[in-house]
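Here's the structure we're looking at; comments come further down.
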Amino acid sequence: MSQTQVSALVNTLDDYDSIIGSAEIAELRTLAARLRGRTVQMVNSTAIGGGVAEILNRMVPLMQELEIGVRWDVITGGEEFFAVTKAFHNALHGEGYHLPDESFKTVLANAEQNRARLHFDCDFTMIHDPQPAALIDARPKNGGHWTWRCHIDLSQPNQKVWNFLAPFVNRYDSAIFSSPAFSRRLPIPQYLFYPSIDPLSEKNRELDPEIVDQTLARFDIDANRPIVTQISRFDRLKDPVGVVRAYHIVKRYTDCQLVLAGGGASDDPEGDAVLAEVREAAGKDRDIHILDLPPSAATEINALQRASTIIVQKSLREGFGLTVTEGLWKKKPVVASAVGGIPSQVIHKHTGMLAHSIEGTAYQIRFLLSNPAIAQKLGENGHEHVREHFLITSDVRRHLTLFLHFLRPN
Amino acid sequence: MKATEPFQFATASYLVRIGNQVATNLVELEQGLANCSDASIFYHTFQSLGRHHFLTEGFSNDFAQWVLGSCNRPALAEQMASVDIRDYVSLAELRNDLRRVVGDYSHADAVTASQAAFEPFFFCETLEENVPLGREAWTLDEFHDALKDLAHGSLQFHFITSRLRLHLRTNDFSRWLARDLGLIELGRKVDQIDIYTATLDSARSTILHLVERELYQ
């Protein structure tokens with residue numbers, strides 16, 4: 001069996017008391033008490049790395065603490081399978097699909113192997129993302145409720161790949177999407193579950209101000225002048241060059257600095273090219289700090305976000321945009337593009353500012369730099385918005401509610 | 001003083017179901033308002049207010065926010081935001097008024113009404129799972145103590161969404177205070193709290209303050 005062991009360094013529900021309050025935790029326990037003895041199976045394609053594994057690593061122990069019999073299984077597959085599913089992933093995001101038709105057989109063969117390897121005997125089975133979607137064939141007769149949890153944007157999928165996947169998806173009892181904008185017209189009920197961040201993780205926990213100061217000093221960033229930051233992979237869809245251009249407009253009015261921090265240059269062939277484009281756009285401006293950080297730099301990211309005056313996310317296309325969530329959680333005013341899941345988080349003029357162009361982004365940054373009281377209010381509202389909707393504890397509550405809903409007689 | 005019936009505290013948890021209806025301009029918004037489910041009207045108005053209770057300046061409902069943020073029509077957004085859910089005892093009435101406001105605007109300016117919004121509006125609906133908390137109050141003292149410890153889900157359930165469930169222009173707290181405890185004036189004052197400008201926490205503080213005045217006067 002391949003039941004996944006979650007990280008030993010996990011928090012208990014009581015650790016969240018200071019963040020969401022004991023009453024909220026008590027309500028979680030009340031809801032969970034109605035599910036005591038029920039079993040849940042989570043299935044995805046990787047135990048480490050990636051947002052889904054990160055969420056499950058936090059959620060599974062919290063559900064176990066709530067005395068729900070949850071287990072987490074990871075499908076196995078060879079290089080060929082994961083090469084195909086990576087191509088699937090990109091194609092479902094709207095890119096082309098260039099693999100031969102035999103690649104579909106690879107997916108089916110993998111599903112067959114995993115069906116033989118895994119047991120499906122839980123009350124609620126949640127299959128995450130396209131890679132294991134074909135496991136629906138393993139559903140026993142009267143085999144509980146099966147839900148397909150899609151973490152990606154399916155609004156404009158490659159039709160060939162979607163035509164292969166849809167017959168599997170349509171056989172689930174329900175599907176879950178991270179934003180209404182990511183969903184499709186399906187014959188099954190679709191629910192909205194926002195992704196979540198863990199406020200106690202290394203990337204989001206409160207930091208000693210000394211760590212923040214040390215981080216700025218390490219990267220030669222001036223703590224005494226405004227810092228505008230975008231945290232993102234060096235990927236054209238995140239439009240880092242557009243951010244540099246917006247900064248150039250702002251710089252005419254305010255003596256600020258720009259931080260572009262993220263990874264992707266080392267393991268993505270295109271990342272190097274994008275990084276080079278960004279450096280060229282930045283020229284010799286010493287107030288533009290381009291930081292190619294490794295995936296392990298969670299503390300540095302946390303510190304940079306906390307040191308920032310404004311957080312920017314000027315993506316041309318975006319998933320849910322958890323970097324926005326992280327910025328909002330840190331009470332930062334956010335200026336972000338109105339794409340993907342961002343409008344769910346940035347309610348224009350309430351929890352941040354939405355923009356639709358380089359000029360618009362620059363204008364909103366200028367406005368907030370000139371109006372710190374408004375910026376502060378947006379940051380405070382954003383923090384509350386995240387506390388209510390985008391924390392791991394809210395995610396747990398949504399899952400409990402879904403399972404309770406399934407138990408309700410028709 | 002002991003109530004004739006205890007106040008039974010409950011909480012509600014909500015699932016959001018994504019509908020298949022989308023509006024990309026004001027004309028389609030009006031059509032959507034005509035055709036969407038009652039649960040969808042509920043989600044985008046009553047639920048929206050509860051979900052965004054921490055916004056105390058100018059946020060009213062999802063429709064108004066979309067008209068402002070995505071259609072850039074502040075005058076219409078103001079009209080839609082001014083629709084006060086406290087005035088309604090049925091979703092049909094609320095739906096009709098929202099439709100009328102958008103319809104009047106669209107008929108007066110057909111060109112603007114058919115212009116594409118920056119982002120589409122997705123009609124969703126809410127499914128409620130309510131669960132008794134196993135806590136009850138027979139007296140004002142007990143009510144006070146329980147209210148102090150109530151989570152947002154429960155506050156929202158009793159103070160905001162209950163208005164519709166009761167088909168009355170009141171909320172669970174006010175109804176119990178007046179009907180079961182005979183404190184009509186206190187119930188009225190609790191009902192006067194402006195849910196558009198108060199957060200759930202500030203509303204709770206005000207209720208606690210009113211209850212304490214009643215207890216210790």
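Structure above, values below:
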| quantity | calculated |
| --- | --- |
| Single residue of segment B:58-73 satisfying the filter (at the interface with another protein chain (Cβ under 8 Å from one of its Cβ atoms) and part of a loop (DSSP other than H, G, I, E, B)) that is nearest to the chain's Cα centre (by Cα) | B:Phe59 |
| Residues of segment B:1-47 satisfying the condition of being of a type in the set (D, E, K, R) and within 14 Å of another protein chain (Cβ to nearest Cβ) | B:Arg17 |
| Pairs where the first residue, in segment B:128-139, is more than 9 Å from chain A (Cβ to nearest Cβ) and the second is open to solvent by 80 Å² or more (accessible area, probe 1.4 Å), C-beta under 6 Å, 6+ apart | B:Glu136/B:Gln8; B:Trp138/B:Lys2; B:Thr139/B:Lys2 |
| Yes/no for A:Asp137 being in a loop (DSSP other than H, G, I, E, B), more than 24 Å from A:Met63 (Cα to Cα) and either in the same structural domain as A:Gly51 (by TED's automatic domain parsing) or in contact with a strand residue (DSSP E or B) (Cβ under 8 Å, 6 or more places away or on another chain) (or both) | no |
| Whichever residue in segment B:145-174 is basic (Lys, Arg) and either closer than 21 Å to B:His52 by Cβ or crowded, with 19+ Cβ neighbours inside 10 Å (or both) and, among such residues, is nearest to the other protein chains (Cβ to nearest Cβ) | B:Arg165 |
| Test result for A:Ala246, within 14 Å of another protein chain (Cβ to nearest Cβ) and assigned to a helix (DSSP H, G or I) | no |
| Scope segment B:20-47; condition surrounded by 21 or more Cβ atoms within 10 Å (Cβ to Cβ) and small (Gly, Ala, Ser); matching residues | B:Ala23, B:Gly32, B:Ser40 |
| Matching residues, segment A:343-374, being open to solvent by less than 10 Å² (accessible area, probe 1.4 Å) and assigned to a helix (DSSP H, G or I) | A:Gln345, A:Thr361, A:Ala362, A:Ile365, A:Leu368 |
| Whichever residue in segment A:34-48 is among the hydrophobic types (A, V, I, L, M, F, W, C) and modelled with pLDDT under 90 and, among such residues, is surrounded by the fewest Cβ atoms within 10 Å (Cβ to Cβ) | A:Ile48 |
| All positions within segment A:302-319 that are modelled with pLDDT of 90 or more and outside any strand (DSSP E or B) | A:Asn302, A:Ala303, A:Leu304, A:Gln305, A:Arg306, A:Ala307, A:Ser308, A:Thr309, A:Lys314, A:Ser315, A:Leu316 |
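The values are calculated or read from the model by the stated rules, or taken from the named source; none is laboratory data. Remember, predicted model here, so these are calculated numbers, not experimental data. Ideal geometry is used to build each Cβ from the backbone, glycine not excepted, and the neighbour counts take in all protein chains shown. Surface accessibility is based on the protein's heavy atoms, side chains included, excluding ligands, DNA and RNA. Shrake-Rupley method; radii C 1.70, N 1.55, O 1.52, S 1.80 Å.
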